[in-house]
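S.K.: Handing you this structure, nothing more for now.
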Amino acid sequence: VRAALDRRRRAGEGPEGLGDEVARRLRPSLRPAINATGVALSTNLGRAPLAPEAVEAAVAAAGYCTLEWDPATGGRGSRHVHVEEHLRALTGAEAACAVNTNAGAVLLALVALCAPGEAVVSRGQLVEIGGGFRVPEILAASGCRLVEVGTTNRTRPSDYAAAVGPDTRALLRVHPSNFRQLGFTEEVGIEALAALARGRGLALIDDLGSGALRPGGPAGDEPDARASVAAGADLVCFSADKLLGGPQAGILVGTAAAVARAREHPLMRALRLDKLRLAALEATLALHRDPEAAARRVPALAMLREDGGARRARAERLAAALGGLALVAIALSVA
């Protein structure tokens with residue numbers, strides 16, 4: 001009330017509508033919205049909507065829960081166990097854990113496996129992600145020195161090999177999820193990078209960004225986590241709130257040794273997930289164990305598979321409910 005009165009005094013306004021202004025100020029700022037953008041995974045509107053099972057799991061975990069308590073032994077447990085079994089089954093990895101965002105996952109992977117040494121990365125992969133965050137800035141924050149190789153449009157295995165020196169600790173691949181280069185381009189596949197890393201005794205970190213679990217599907221040609229694990233990446237990082245369709249989180253899967261180093265690093269405590277997101281993520285991953293169930297129950301996947309006719313019918317119902325607005329365009333994209 002005081003804040004509303006102070007604003008009105010400064011603006012020279014009278015008391016009319018003061019009650020309505022105060023009521024607006026008391027409303028929660030985080031409210032439900034209708035996504036009519038045509039973008040299924042809209043960052044500004046909260047990205048992936050959760051499956052009913054994920055919502056129920058988060059509500060159930062809102063009170064006391066077995067976050068770090070092992071009911072089998074009665075002793076202290078680990079919050080990582082709630083998602084690890086699902087992630088191992090879905091990706092073929094030896095071990096897994098989750099943190100707050102994919103940027104956090106990449107940061108933790110670099111700190112755990114590379115800092116304070118060098119990380120070699122292609123110039124064509126030094127992208128900017130949402131919110132103005134740039135891959136070189138994340139690398140710098142990790143304490144690793146960035147070694148750029150190749151050119152913007154062409155990078156070869158020999159470029160990586162020539163850049164490896166005594167301080168090199170890791171090779172880093174970053175999938176440029178937000179754009180595509182066409183034409184006179186060349187990049188090094190994950191299998192070739194894995195072979196080079198093994199031959200030189202280096203770690204291989206693969207940042208997939210959007211996080212497809214398996215090849216094909218509505219994501220098209222997005223690289224998938226299972227293929228990266230099979231190729232030999234030490235740590236594979238990807239988002240949980242994009243193609244996975246879960247809560248905002250970053251996933252790390254890979255070798256047992258690499259994941260253990262990430263889990264045991266002091267930075268993990270600053271990046272770890274809370275009980276609500278862990279519960280929602282566990283439920284989302286459980287749905288993914290059955291691909292057909294996930295396609296139906298995970299809203300992001302269901303929308304990406306939906307045909308244009310169903311989208312148009314839903315948009316027409318919405319337009320009519322809002323007062324006969326004209327329907328001018330229907331589009332669906334991943335962003």
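S.K.: Of everything in the stretch 159-189, what is open to solvent by less than 10 Å² (accessible area, probe 1.4 Å) and either over 25 Å from N102 (Cα atoms) or acidic (D, E) (or both)? Give them in sequence order.
M.R.: Result: no residue meets the conditions.
S.K.: Count, please, the residues in the stretch 135-160 that happen to be aliphatic (A, V, I, L, M), more than 14 Å from D207 (Cβ to Cβ) and touching a helix residue (DSSP H, G or I) at 6+ places or on another chain (Cβ under 6 Å).
M.R.: Final tally of qualifying residues: 2.
One line per residue, one yes/no per condition, for (1) surrounded by fewer than 19 Cβ atoms within 10 Å (Cβ to Cβ); (2) in a loop (DSSP other than H, G, I, E, B); (3) in contact (Cβ under 8 Å) with a residue 40 or more places away in the chain:
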residue	(1), (2), (3)
S78	yes, yes, no
E85	yes, no, no
L90	no, no, yes
A105	no, no, yes
A112	no, no, yes
V121	no, no, yes
G124	no, no, yes
E137	yes, no, no
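S.K.: Restricted to the stretch 23-48, and to residues that are β-branched (V, I, T) and in contact with a Leu (Cβ under 8 Å, 6 or more places away or on another chain), which residue is least open to solvent (accessible area, probe 1.4 Å)?
M.R.: Across the stretch 23-48, the extreme among qualifying residues is V39.
S.K.: Could we say that R154 is over 18 Å from I190 (Cα atoms) and at pLDDT below 95 here?
M.R.: no
S.K.: Got at least one residue in the stretch 326-333 being among the β-branched types (V, I, T), farther than 30 Å from A112 by Cβ and surrounded by 12 or more Cβ atoms within 10 Å (Cβ to Cβ)?
M.R.: Yes.
S.K.: Can I ask one more? Return the only residue of R289, R296, R317 being at pLDDT below 90 and surrounded by fewer than 16 Cβ atoms within 10 Å (Cβ to Cβ).
M.R.: R317
S.K.: Is there a residue being within 33 Å of the chain's Cα centre (by Cα) and not charged (D, E, K, R) anywhere in the stretch 1-15?
M.R.: The answer is no; no qualifying residue exists.
S.K.: Right, something else. Residues of the stretch 190-207 being open to solvent by less than 20 Å² (accessible area, probe 1.4 Å) and either without any contact (Cβ under 8 Å) to a residue 60 or more places away in the chain or out of contact with any strand residue (DSSP E or B) (no Cβ under 6 Å at 6 or more places or on another chain) (or both), which ones?
M.R.: I190, L193, A194, A197, L204, D206
S.K.: Just one of L208, L204 is in a strand (DSSP E or B) and modelled with pLDDT under 95; which is it?
M.R.: When all the criteria are applied, what remains is L208.
S.K.: What is the residue count in the stretch 214-240 for residues that are open to solvent by less than 10 Å² (accessible area, probe 1.4 Å) and part of a loop (DSSP other than H, G, I, E, B)?
M.R.: 2
S.K.: In addition: Could you tell me whether the stretch 63-71 includes any residue that is crowded, with 17+ Cβ neighbours inside 10 Å, touching a helix residue (DSSP H, G or I) at 6+ places or on another chain (Cβ under 6 Å) and of a type in the set (A, V, I, L, M, F, W, C)?
M.R.: No.
The values are calculated or read from the model by the stated rules, or taken from the named source; none is laboratory data. Please read all numbers here as calculations on a predicted model, not as lab measurements. Cβ: placed from backbone, ideal geometry, glycine included. Neighbour counts: every protein chain shown. When the accessible area is computed, the model is the full protein with side chains, heavy atoms only, and any ligands, DNA or RNA have been set aside. Shrake-Rupley method; radii C 1.70, N 1.55, O 1.52, S 1.80 Å.
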